[in-house]
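The structure under discussion appears below in the form of structure tokens.
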Amino acid sequence: MSITATALTPWPADLRVLERDWLSSNQLLCLGDAPAVIDTGHVKHASDTVRLIADALGDTSGEASGGAAGRPQALATIAHTHLHSDHCGGTHALQSAWPHAQTWVPEPTLPHVRAWDEDALTFGDTAQRCARFAAQHALVPGQTVRLGMRDWQVHAAPGHDALAVLLFQPDCGVLAAGDALWEHGVGVIFPHIDGSGGFEPFIHTLDLIESLAPAWIVPGHGAPFGRAGGAMDAALARARQRIAYFIDHPAQHALYAAKVLIKYQLLDVEQMTRPAFYDWLEHAPALRQLHQQHRPDLPWPDWIALVLAPLLGKGVLRQTDTHVLDGA
Ligand SMILES: [Zn+2]
């Protein structure tokens, strides 16, 4: 990671960001006697995630890595901002690599993880995949959790995900924002899809982030950015503007979400036969809901064609006689 912004507060040496892509979330590594990681990426990249973290802990299959002095360290703690499949897909592999690691999830999701209720965990609705993992501890808003050598505040962060949390470290001013704030763009508002929530909680979470006044924001995706120089204020303004647009044009949120879910699937599997692709579309309940929110007047096949047209037109996806492929 290269952090170029001028900061009021310097970036702390015991924290390291492993910046990933748009399928796997970033990892925030908290070093110390008991190293911890926040968010674990997508299952597709799980072996990369294990390798990146092992390298950072100086544990490269027992070989001296030159990373950490002395013995390689074991990952002690795994924490999650929320349980979307791109934020917890590497957890199973990390638990296999470091069996003594203790795993924390947002409080309401703990029973869902223990029972591995895929519908409650949203993997069912979105027809996404995630490797089953275990969790021992609940992240409770208002409490703190020890990650690495620091205590981190847990704050409720509904909006993108109703059960998400922010993890904030007030001494060094670092905020693990998950998908509550990116520097550019706004994530899908999942509670709006299933009707369990509106857009307003997202705005309240943006207000909370502003009130915490972090020096650094580590988003779930994209490069970290700072408050100094105005990057945080600009990101908050863009996000508020986007949510205001969605409040005025909720059907546009549905169209955006449908495109995101379809692109995400192809980022994962890279290609599908056309029958398998159309079968997947049919069996993603979230897409059925988005159809009703966007253009219920259109028959399903016509709506799918409407959603796919710009994705194919811009090369975001490609289509051959036999297959649908990721375009990037
Ligand atoms: Zn998410």
Exercise. Tell me which lysines have Cα within less than 18 Å of Lys314's Cα, excluding those fewer than 8 residues away on the same chain?
Worked result: Lys259, Lys263
Exercise. Expressed as an acute angle from 0 to 90° and rounded to the nearest 10, what is the orientation of the C-alpha long axis of helix 231-248 relative to the principal long axis of the chain?
Worked result: 30 degrees
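D for the stretch 102-215, whole µm²/s, Stokes-Einstein with Kirkwood Rh over alpha-carbon pairs at 4 °C and 1.567 mPa s: what number?
Reported coefficient: 86 µm²/s.
Taking only C-alpha pairs under 8 Å that are 6+ residues apart, what is the relative contact order of the chain in percent?
That works out to 15 percent.
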Problem set entry | Size descriptor, Kirkwood hydrodynamic radius, that averages inverse alpha-carbon separations across the chain, Å | 20.4 Å
For this session: With a cut-off of at most 16 other beta carbons within 10 Å, and DSSP calling the residue loop, which trypsin sites (Lys or Arg not before Pro) in the stretch 130-184 qualify? Please list them.
Result: Arg132
Exercise. For the stretch 85-95, in order, what is each residue's ³J(HN,Hα) by Karplus, 6.51 cos²θ - 1.76 cosθ + 1.60 with θ = phi - 60°, in whole Hz (x at glycine and Pro)?
Worked result: 5, 8, 10, 10, x, x, 5, 4, 5, 5, 5
For this session: Mind checking the full-extension length gain between Ile247 and Asp279? Use 0.36 nm per residue of separation minus the Cα-Cα distance, one decimal, nm.
Result: 8.4 nm
Seminar exercise, completed: Once the dipole of the stretch 15-247 is set up from charges on Cβ (+1 Lys and Arg, -1 Asp and Glu), the residue from the list Leu18, His82, Ala127 lying farthest towards its positive end is Leu18
Exercise. Per residue, how many Å² of accessible area does the stretch 15-247 show with a 1.4 Å probe?
Worked result: 37 Å²
Problem set entry | Heavy atoms of His45: accessible area, 1.4 Å probe, square angstrom to 10 | 30 Å²
Problem set entry | Of all accessible heavy-atom area on the chain, the percent that carbon and sulfur account for (1.4 Å) | 53 percent
Exercise. Say a paramagnetic label sat at a point 7 Å from the Cα of Ala228, along Cα to Cβ; which residues of the stretch 178-219 have their backbone N under 17 Å from it?
Worked result: 213-218
Exercise. Ignoring ligands and nucleic acids, what accessible area does Glu118 show with a 1.4 Å probe (Å², nearest 10)?
Worked result: 80 Å²
Problem set entry | Per-peptide average of other Cβ atoms within 10 Å, ordering 158-166, 298-306 highest first | 158-166, 298-306
Seminar exercise, completed: Per its Cα gyration tensor (rounded if a/c is under 1.5, else prolate when a/b beats b/c, else oblate), the stretch 209-300 is best filed as oblate
For this session: Report, to the nearest 10°, how far helix 46-56 tilts away from the longest principal axis of the Cα atoms in the chain, using its own Cα long axis and a range of 0 to 90°.
Result: 20 degrees
Problem set entry | Extension reserve of the Arg240-Leu298 stretch, reckoned as 0.36 nm per residue once the Cα distance is removed | 17.8 nm
Exercise. Convex hull over the Cα atoms of the stretch 252-326, averaged projected area in nm²?
Worked result: 4.5 nm²
Exercise. Antiparallel as a % of all DSSP beta bridges within the chain, to the nearest 5?
Worked result: 70 percent
Exercise. For the charge dipole of the chain, defined by +1 on Lys and Arg C-beta atoms and -1 on Asp and Glu C-beta atoms about the Cα centroid, which residue among Ile217, Pro108, Ala286 has the Cα displaced farthest towards the positive pole?
Worked result: Ile217
Exercise. Once every DSSP H run of n ≥ 4 in the chain is given -39500 (n - 2.57) and the sum is divided by its residues, what mean residue ellipticity at 222 nm do you get, rounded to the nearest 500 deg cm²/dmol?
Worked result: -10500 deg cm²/dmol
For this session: Working from Cα positions, state the angle (0 to 90°, nearest 10) between the long axis of helix 285-294 and the longest principal axis of the chain.
Result: 60 degrees
Exercise. From the Cα gyration tensor of the stretch 280-319, with a ≥ b ≥ c the square roots of its eigenvalues, which class applies: rounded if a/c is under 1.5, or else prolate if a/b is larger than b/c, or else oblate?
Worked result: prolate
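Rounded to the nearest whole Å², what accessible area per residue is found for the stretch 252-326 with the 1.4 Å probe? All intermediate terms of the calculation are to be shown ahead of the outcome.
Values: 3560 Å² over 75 residues.
It amounts to 47 Å² per residue over the stretch 252-326.
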Exercise. Using the beta-carbon distance between Ser211 and Arg51 and R0 = 35 Å, what value does 1/(1 + (r/R0)^6) give for FRET efficiency, to the nearest 0.05?
Worked result: 0.40
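Would you mind getting the Kirkwood hydrodynamic radius of the stretch 158-251 from its Cα pairs, rounded to one decimal in Å?
Across the stretch 158-251, the inverse of the average 1/r is 13.3 Å.
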Problem set entry | For the stretch 176-189, Karplus couplings with θ = phi - 60° (6.51, -1.76, 1.60), whole Hz, Gly/Pro x | 8, 8, x, 9, 6, 8, 10, 5, 10, x, 10, x, 5, 8
Exercise. Hey, if you put +1 on the Cβ of every Lys and Arg and -1 on every Asp and Glu Cβ in the stretch 136-204, which of Gly178, Ser196, Val145 ends up farthest toward the positive end of that dipole?
Worked result: Val145
Problem set entry | Dipole magnitude (debye, nearest 20) for the chain, charges at Cβ of Lys, Arg, Asp, Glu | 300 debye
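The values are calculated or read from the model by the stated rules, or taken from the named source; none is laboratory data. What you see is a predicted model, and the numbers here were worked out from it, not measured in a lab. FYI the Cβ positions are ideal-geometry reconstructions off the backbone, even for glycines, and counts take in every protein chain you see. Accessible surface is based on the protein model in full, side chains and every heavy atom, while ligands, DNA and RNA are left aside. Shrake-Rupley method; radii C 1.70, N 1.55, O 1.52, S 1.80 Å.
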